[in-house]
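Below is one structure, written out as structure tokens, with a few remarks after it.
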Amino acid sequence: MSSVSVVIPCYRYGHFLADCVSSVLDEQEGLHVRVLIIDDASPDDSAEAARALAASDPRIEVRVHEQNKGHIATYNEGLLEWADGDYVVLLSADDRLVPGALVRAAALLDAHPGVGFCYGRPLRFEHGGPLPAARTTGTGTAVYPGRWWLERRFREGTGCITSPEVVVRTELQRKVGGYDPALPHAGDIEMWMRLAAHADVGYVRGADQAYYRVHGANMSTTDFGGQLDDLRQRRAAYEAVLAKCADQLPDAERLSATVHTKLARAALRRACRAYDRGRTDRVPVDELVEFARDCDPSAERLPEYRGLRLRRRIGARTMPYLQPLILSAVAERGREWLWWRSWKRRGI
């Protein structure tokens, strides 16, 4: 029987704990599951809620910090010091698993010893709203070579995992180490890539694997200034992987160039959207441009930079009104170019 250690860090989320823990321990037939709740010195009654759950089920343990250590230290305490199962899960107290998620993930990992971690589709739900209907019957699994999966992340320049849907082989987690304190908002992206540098990646098809709660207290930043911080953290995450996994990445120079160009284009697109939406007074356009240049010294040759230069000539006040006309003209020019390429191929 496979065993799974589930680490649930908690800070002021005691009112979510009962549902979270229930989703971990219920409907996971055929697995040995243990839970550790780590309360990071919550100023409310979260610790009491955790202790009440532990008193009702011997599979639940509780640790309470006397002083707040922060989320990264809390994660690593559970993952590296406590977890002893075959597989380990890091689950925020405000998220939940879909019934049977651990069973499906463990079956994949059992069947493929070369897979270091697996994930599946998460379901997002609004805080205070009902849970969306989840698919609980899988249609198969996929196994991706770790290097291939990692290269795809570098091509896209962003993460494809929210976090609660991931199950990691504990032995590999200990090998690669814990979350990086230097990456408080992109440590998960860096972690998945670091794992993929050492092992293959599995994916559960068909079934949903976790519920991810969306609310104002989520750690992801969506304000305008936070968009630049997000890009900086993502860049730091990719650079950390390149530094830490150099031995596993013989084409590191190419991967570095790929992701830095991708991030530069993302920054320039955000600057363009600021003009399109009349938000140049709130979006740090100049800083986004400098970030793009720092990522890619040839950023001024990118199509996004040419688009930004046009928007600057038009002006921040006028651009929101002209945007539909400009985008329509650009789309038409793109269709003409595709027709011309087709014409050339036919040799007409």
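Being surrounded by 17 or more Cβ atoms within 10 Å (Cβ to Cβ) and of a type in the set (Asp, Glu): is that true of Asp44 here? Walk me through it before giving the result.
On the way: surrounded by 17 or more Cβ atoms within 10 Å (Cβ to Cβ): no; of a type in the set (Asp, Glu): yes.
Against the criterion (surrounded by 17 or more Cβ atoms within 10 Å (Cβ to Cβ) and of a type in the set (Asp, Glu)), Asp44 does not qualify.
I'm trying to understand the selection: among the residues of region 295-321, which are hydroxyl-bearing (Ser, Thr, Tyr), within 29 Å of Phe154 (Cβ to Cβ) and not in a helix (DSSP H, G or I)?
Quick first cut of region 295-321, residues hydroxyl-bearing (Ser, Thr, Tyr) only: 298, 305, 318, 321.
If we keep only those that are within 29 Å of Phe154 (Cβ to Cβ) too, we end up with 298, 305.
Passing the criteria: only Ser298.
How many residues does region 101-142 contain that are among the hydrophobic types (A, V, I, L, M, F, W, C) and free of Cβ contacts under 8 Å to residues at least 60 places away in the same chain?
Restricting attention to region 101-142, the residues satisfying the condition of being among the hydrophobic types (A, V, I, L, M, F, W, C) are 101-103, 105-109, 111, 115, 117-118, 123, 125, 131, 133-134, 142.
Still in the running and free of Cβ contacts under 8 Å to residues at least 60 places away in the same chain: 107, 111, 133.
Qualifying residue count for the region: 3.
Say whether the condition of being modelled with pLDDT of 95 or more, assigned to a helix (DSSP H, G or I), of a type in the set (A, V, I, L, M, F, W, C) and over 26 Å from Glu151 (Cβ atoms) is met by at least one residue in region 257-273.
yes
Within region 20-34, how many residues turn out to be modelled with pLDDT of 95 or more and more than 23 Å from the chain's Cα centre (by Cα)?
To start, the set of residues in region 20-34 that are modelled with pLDDT of 95 or more comprises 20-25, 31-34.
Imposing the further condition that a residue be more than 23 Å from the chain's Cα centre (by Cα) reduces the set to 22, 25, 31-34.
Residues meeting the conditions: 6.
Can you tell which of Pro113, Pro122 is closer than 27 Å to Asp40 by Cα and assigned by TED's automatic domain parsing to the domain that holds Val167? So that I can check it myself, show each step before the final result.
Values: Pro113 fails: closer than 27 Å to Asp40 by Cα.
So the residue among Pro113, Pro122 that is closer than 27 Å to Asp40 by Cα and assigned by TED's automatic domain parsing to the domain that holds Val167 is Pro122.
So how many residues does region 250-264 have that are without any contact (Cβ under 8 Å) to a residue 60 or more places away in the chain and surrounded by 19 or more Cβ atoms within 10 Å (Cβ to Cβ)?
Going through region 250-264 one residue at a time, the tally reaches 2.
Got a number for residues in region 163-182 being without any contact (Cβ under 8 Å) to a residue 60 or more places away in the chain and touching a helix residue (DSSP H, G or I) at 6+ places or on another chain (Cβ under 8 Å)?
3
Here is a yes/no grid of residues against (1) within 20 Å of His215 (Cβ to Cβ); (2) surrounded by 16 or more Cβ atoms within 10 Å (Cβ to Cβ):
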| site | (1), (2) |
| --- | --- |
| Asp110 | no, no |
| Pro122 | yes, yes |
| Trp148 | no, no |
| Phe154 | no, yes |
| Thr162 | yes, yes |
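Which residue out of Asp247, Asp230, Asp281 is over 30 Å from Arg104 (Cβ atoms) and in a loop (DSSP other than H, G, I, E, B)?
Numbers: Asp247 fails: in a loop (DSSP other than H, G, I, E, B); Asp230 fails: in a loop (DSSP other than H, G, I, E, B).
Selected residue: Asp281, the only one of Asp247, Asp230, Asp281 that is over 30 Å from Arg104 (Cβ atoms) and in a loop (DSSP other than H, G, I, E, B).
Within the group Glu77, Glu66, which residue is surrounded by fewer than 17 Cβ atoms within 10 Å (Cβ to Cβ) and of a type outside the set (Phe, Trp, Tyr)? Show your work before the answer.
Details: Glu77 fails: surrounded by fewer than 17 Cβ atoms within 10 Å (Cβ to Cβ).
After ruling out the rest, the residue left standing is Glu66.
Report yes if Ala292 is part of a helix (DSSP H, G or I), of a type in the set (Gly, Ala, Ser) and under 30 Å from Pro320 (Cβ atoms), otherwise no.
Working: part of a helix (DSSP H, G or I): yes; of a type in the set (Gly, Ala, Ser): yes; under 30 Å from Pro320 (Cβ atoms): yes.
Considered against the rule, which asks whether it is part of a helix (DSSP H, G or I), of a type in the set (Gly, Ala, Ser) and under 30 Å from Pro320 (Cβ atoms), Ala292 comes out as yes.
Among the residues of region 164-215, how many are surrounded by 21 or more Cβ atoms within 10 Å (Cβ to Cβ), within 11 Å of the chain's Cα centre (by Cα) and not in a helix (DSSP H, G or I)?
The total comes to 4.
The values are calculated or read from the model by the stated rules, or taken from the named source; none is laboratory data. Everything numeric here is computed off the predicted structure, so don't read it as measured data. A quick note on method: Cβ atoms are made from the backbone with ideal geometry, for glycine too, and the neighbour counts reach across all protein chains shown.
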